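This report refers to the structure that appears directly beneath it.
The values are calculated or read from the model by the stated rules, or taken from the named source; none is laboratory data. Computed from a prediction, not measured in an experiment: that's the story for all the values here. In this analysis, Cβ positions are derived from the backbone assuming ideal geometry, glycine residues included, and neighbour counts consider all displayed protein chains. When the accessible area is computed, the model is the full protein with side chains, heavy atoms only, and any ligands, DNA or RNA have been set aside. Shrake-Rupley method; radii C 1.70, N 1.55, O 1.52, S 1.80 Å.
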Amino acid sequence: MDTHKHTDKISLAGSLVALGIIYGDIGTSPLYVMQAIIGESGITEQVIYGALSCIIWTLTLQTTIKYVILILRADNRGEGGIFALFALVRRHAKWLTIPAIIGGSTLLADGVITPPISVSSAVEGLRIIYPTIETIPIVLTIITLLFLVQAFGTKMVGRAFGPIMIVWFAMLAVLGLNQIVQHPEVLKSFNPYYGYLLLAEHPEGFWLLGSVFLCTTGAEALYSDMGHCGRGNIRATWGFVKIALLLNYLGQGAWLIVHAGEFLHGRKPFYELMPTWWLLPGIAIATLATIIASQAMLTGSFTLISEAIRLNFWPKVRLIYPTNEKGQLYVPSINWLLWAGCVGIVLYFKESANMEAAYGLAVNMTMVMTTFLMSYYLYVHRVHIWWVIGFLVLYLSIELAFLGANLLKFTHGGWASLLLASMVGLIMVVWLRAFYIKLRLTEYVKLDEYLPALRELSNDISIPKYTTHLIFMSNASRVSEIESKIIYSIFQKRPKRADIYWFVHVDTTDDPYTMEYKVNVIAEDDVIKVTFRLGFRVEQRINLFFKKVIEDMVKNREVDITSRYESLSRHNVTGDFRFVVLERFLSVENDLPFFEQLVMKAYFALKGITTAEDKWFRLESSSVKVEKVPLVIRPIENVKLKRVYS
């Protein structure tokens, strides 16, 4: 209940954050939407009125009703996004993994086009003043600086985002209103009949939906970034944002109608609304707005990957928290992967007009997947079945129509984002499938059966002491069980004599910010199991958390951590702690089916280039032993080996 109150709370500071973070993508779409709709064709009233009508009703049905009113209700302890939604419903049906993976991978891939198209659209305005200027070096410089600054965090810059976006939206509204006052007839495009006429009677009408869709590509970000500022602040500010957007679109429409019968010939309707004296400040504000839009995309991508890791969709890559602020996260591998993708897009397409032809296809697929997951969420929450069916049919009809039109973009560059989405999706499938294969083949034994042997080993002075406190990272969720590999490591690989054996298990919960632990003393002063329950957005700093557990247990007199060496115990010296992390490798001796063999080889290849388990759990390298153990899977039987005698 408290979480819902906090999520619905409206504040001036929260509203400023919402304006600065949430609306970057959707807020900069007026830079290129009308230009994309007209393209190389002549300007006609039918297309202008029809396109404006489609934009108005797309922003109403798709952004306002679907996202702002309905989907923002599906928060996971205040957090949003496709993986947060998946975490809410995944235990109800296994097949929901498919839309989650498709939606997550296409959303990440779409982020490769957002910075190039936004920044290029803004910077190309300089050509009005300086016709021969080369914009590509400027665009590449801005994008590269944006990616470089991520490692330092965006706390200081972030505070300025809200006020800049207020100036941006105010500018959109004033520029649009100025044209509407001169040509009020443009307001008749609020009538959906003009949209119907465009789709039904214009020869290219249906395919123009691919360009119309660009006005709502940022809608998914409203949900993904909900955790940063809350549902209440998003809903409170959306009215202002939508009015500013509609006024600007209508203003561009009014200018275009005056120029009916002409061709754009490289002119940008957005900049044509500006008086000459305002061009330079206008271009500067537009460029800042597009940088903010790109920053929001990067923040969303980093959050998406951190969630994917904890849902077993992604390898454990290095995560850095540059500041103490909630939500501030930096993922170096994703940062530079996206940078390379953005640079490639700029160099390949060169102009924002060419990028428009490729933009929107991937995020359109994300929206379709969100519709599937949301429908199931409504069904699970006992919403009447006819409402669920109505929601599913209405939004699948709208989004599949957009998808049909967007498929035309495939050959015009849409393949680039889908190729990246396929690569990301393949990694997710491999990682998840390997997780289930390992889970199936991990052998667990009853810990009780080994307690006498552990006590004997602990007291056997003929074996050199390995450490005072020996801590194993375990996958066994049941208190009574332990992996056979750990028993093998303790007794057979090299006998590991210790005074106390600790088994630490990390359970990732569907609740994003859970931070709990449970201690089970299995054999007093000999064997202890600690289970951490951590939310899927919590950094797994096990070294730090384990110290806190020890501190609490010492305070409660549940454990004595004084060294057991007589000379040291007399001086109350704390005993040494040593972590053991078992790293598996694919044994040569296995008889896996061909597909599973491929999956496991791909899994271990990915594992080889990602963060090691000890570094992922933030364990201090000086007190960690990483042991390689074979993942012996279905050993080959009936070996036809014959002994011969000379």
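For the reader, a short list of remarks on this structure follows.
- Phe391 touching a helix residue (DSSP H, G or I) at 6+ places or on another chain (Cβ under 7 Å), open to solvent by 30 Å² or more (accessible area, probe 1.4 Å) and touching a residue at least 24 places away in the same chain (Cβ under 8 Å): no
- Among the criteria (1) over 25 Å from Gly14 (Cβ atoms); (2) in a helix (DSSP H, G or I), the one Pro163 does not fulfil is (1).
- Of the set (1) more than 34 Å from the chain's Cα centre (by Cα); (2) open to solvent by 10 Å² or more (accessible area, probe 1.4 Å), all apply to Ile243 but (1).
- Qualifying residues in the range 494-509 (those that are within 30 Å of Ser224 (Cβ to Cβ) and out of contact with any Gly (no Cβ under 8 Å at 6 or more places or on another chain)) - the one surrounded by the fewest Cβ atoms within 10 Å (Cβ to Cβ): Asp507
- Looking at Val393, Val445, Val380, Val368, just one residue is within 30 Å of Gly608 (Cα to Cα) and among the aliphatic types (A, V, I, L, M), and that residue is Val445.
- Comparison of Ser458, Ser477 shows that the only residue that is within 23 Å of Val549 (Cα to Cα), among the small types (Gly, Ala, Ser), out of contact with any helix residue (DSSP H, G or I) (no Cβ under 7 Å at 6 or more places or on another chain) and touching a residue at least 60 places away in the same chain (Cβ under 8 Å) is Ser458.
- Of the residues making up the range 510-543, those that are buried (at least 19 other Cβ atoms within 10 Å of the Cβ) and under 12 Å from Ile471 (Cβ atoms) are Val527, Ile528, Lys529, Val530, Ile542.
- Just one of the listed residues (Thr144, Thr154) is open to solvent by less than 60 Å² (accessible area, probe 1.4 Å), modelled with pLDDT of 90 or more and more than 26 Å from Leu247 (Cα to Cα), and it is Thr144.
- Which listed residue is of a type in the set (S, T, N, Q), out of contact with any Lys or Arg (no Cβ under 9 Å at 6 or more places or on another chain), open to solvent by 10 Å² or more (accessible area, probe 1.4 Å) and on the phi < 0 side of the Ramachandran plot, from Ser41, Ser105: Ser41
- Filter pass, Val424 being touching a Ser or Thr at 6+ places or on another chain (Cβ under 6 Å) and in contact (Cβ under 8 Å) with a residue 12 or more places away in the chain: yes
- Checking Val429 against (1) open to solvent by less than 40 Å² (accessible area, probe 1.4 Å); (2) part of a helix (DSSP H, G or I); (3) farther than 21 Å from Cys215 by Cα, the condition it does not meet: (1)
- Boolean, Glu356 is closer than 30 Å to Val139 by Cβ, modelled with pLDDT under 95, surrounded by 15 or more Cβ atoms within 10 Å (Cβ to Cβ) and of a type in the set (Asp, Glu): yes
- Segments classed as helices (runs of 4 or more DSSP H), wholly inside the range 320-394, with at least 3 members that are out of contact with any Gly (no Cβ under 8 Å at 6 or more places or on another chain) and of a type in the set (Phe, Trp, Tyr): 361-380
- Among the residues of the range 471-511, the ones that are of a type in the set (Val, Ile, Thr) and assigned to a loop (DSSP other than H, G, I, E, B) come to 1 in all.
- Given (1) surrounded by fewer than 24 Cβ atoms within 10 Å (Cβ to Cβ); (2) charged (D, E, K, R); (3) part of a helix (DSSP H, G or I), number of the condition Arg267 does not satisfy: (3)
- Of all the listed residues (Ser105, Ser120), the sole one being in a helix (DSSP H, G or I), among the hydroxyl-bearing types (Ser, Thr, Tyr) and under 19 Å from Ala289 (Cα atoms) is Ser120.
Quick grid of which residues meet (1) over 22 Å from the mean Cα position of the chain (by Cα); (2) over 28 Å from Phe595 (Cβ atoms):
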site: Val363; (1), (2): no, yes
site: Met369; (1), (2): no, no
site: Met374; (1), (2): no, yes
site: Ala401; (1), (2): yes, yes
site: Leu407; (1), (2): yes, yes
site: Met423; (1), (2): no, no
site: Val430; (1), (2): no, no
site: Ala434; (1), (2): no, no
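- Selection status of Ser120, closer than 30 Å to Met297 by Cα, modelled with pLDDT of 90 or more and small (Gly, Ala, Ser): yes
- Residue selected from the range 165-224 under the condition within 30 Å of the chain's Cα centre (by Cα) and among the hydroxyl-bearing types (Ser, Thr, Tyr), by the criterion surrounded by the most Cβ atoms within 10 Å (Cβ to Cβ): Ser224
- When residues in the range 512-530 are screened for being of a type in the set (D, E, K, R), in a loop (DSSP other than H, G, I, E, B) and touching a residue at least 12 places away in the same chain (Cβ under 8 Å), 2 of them pass.
- Residue match in the range 456-478 (condition: in contact with a Pro (Cβ under 7 Å, 6 or more places away or on another chain) and either of a type in the set (Ser, Thr, Tyr) or surrounded by fewer than 20 Cβ atoms within 10 Å (Cβ to Cβ) (or both)): yes
- Listed by first and then second residue, the pairs with beta-carbon distance under 7 Å, at least 6 apart or on different chains, first residue in the range 1-16 and under 23 Å from Phe161 (Cβ atoms) and outside any loop (DSSP other than H, G, I, E, B), second among the hydroxyl-bearing types (Ser, Thr, Tyr) and at pLDDT 75 or above, are Ser15/Thr237.
- Of the residues Ala260, Ala284, Ala293, the single one that is in contact with an Asp or Glu (Cβ under 8 Å, 6 or more places away or on another chain) and surrounded by fewer than 24 Cβ atoms within 10 Å (Cβ to Cβ) is Ala260.
- Within the range 402-426, tally of residues that are open to solvent by 80 Å² or more (accessible area, probe 1.4 Å) and of a type outside the set (A, V, I, L, M): 4
- Search result, residues across the range 319-353 that are at pLDDT 85 or above and aromatic (Phe, Trp, Tyr): Trp336, Trp339, Tyr348, Phe349
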